[in-house]
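To start, the structure under review is shown below, and the notes come after it.
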Amino acid sequence: MGIVPLERALQLAADVDLDLVEVAPMARPPVCKLMDFGKFKYESALKAREARRNQQQTVIKEMKLRPKIDPHDYETKKGHVMRFLKAGDKVKVTIMFRGREQSRPELGFRLLRKLSEEISELGFVEASAKQDGRNMIMVLAPHRNVKAAATASREGRTEGAEDTTAPEGETVAVLPEVVTADQG
């Protein structure tokens, strides 16, 4: 429509039974639109709700370790961390120090460095190891391709898409359909 005086814009809005809504008040001259304001508010609320629904929820899992952890226990905890990263979740690794262990923080740094090197194909160090009182904390995040694969597998599971083809080398028994007398 171009630049229109305020009185004329209000008259146009009244003629077509719409509201005059100021869209960009900071522009020179201010930009206004003729629209049904109630409908606009409803549609914007729907868009906001849809955006919240489609928003990625970042889940942070936590794994607690001790500096003098047994090798088998370490492998078990590492397996849990790898499973969390494969699922697309971030992992907060906490090393808890007790007593005289607090005077040897290099043990914790060494353990966290070893863990980050061993899981490097699945994730990366998002927040490096930091001493926080009695604890040492490091945050690991999955690589983008791992995260994308995890979300794709989650979506596939929720849609119920089931693969009915048999793997090569396996035989599959196909049972005949049972027909009762009243079905015909």
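None of the figures in this text is laboratory data; all of them are computed from the coordinates on show. In this text the structure is predicted, and so the values were computed from the model without any measurement. All Cβ positions, glycine included, derive from the backbone under ideal geometry; neighbour counts span all protein chains shown.
For LYS92, a cut-off of 20 angstrom between C-alpha atoms picks up these lysines, skipping any fewer than 8 places away in its own chain: LYS61, LYS64, LYS68, LYS77, LYS78, LYS114, LYS130, LYS147. In order along segment 75-92, phi translates into HN-Hα couplings of 4, 5, 5, 4, x, 5, 4, 5, 5, 4, 5, 5, 7, x, 9, 7, 10, 9 Hz, rounded to whole numbers, per the Karplus curve 6.51 cos²θ - 1.76 cosθ + 1.60 with θ = phi - 60° and x for Gly and Pro.
Close amide H contacts of MET63 (hydrogens built in the peptide plane, cut-off under 5 Å, sequence separation of 5 or more or a different chain): LYS92, VAL93, THR94. Here segment 1-70 and segment 121-152 have alpha carbon centers that stand 34 Å from each other. Remark: segment 121-132, residue by residue, has Karplus-estimated 3J(HN,Hα) of 6, 9, x, 9, 7, 7, 10, 5, 4, 9, 7, 10 Hz, where x stands for each Gly or Pro and the curve is 6.51 cos²θ - 1.76 cosθ + 1.60 at θ = phi - 60°. Rounded to the nearest 0.05, what FRET efficiency do GLU118 and GLN57 give with R0 = 25 Å and r taken as the Cβ-Cβ distance? Could you check? Efficiency, rounded to the nearest 0.05: 0.35.
Taking amide H atoms as placed 1.01 Å from N in the peptide plane, the amide H of HIS143 lies under 5 Å from those of GLY123, PHE124, each 5 or more residues away in sequence or on another chain. Under the combined filter of DSSP loop state and at most 11 neighbouring Cβ atoms within 10 Å, segment 108-153 retains these GluC sites (Glu not before Pro): GLU121.
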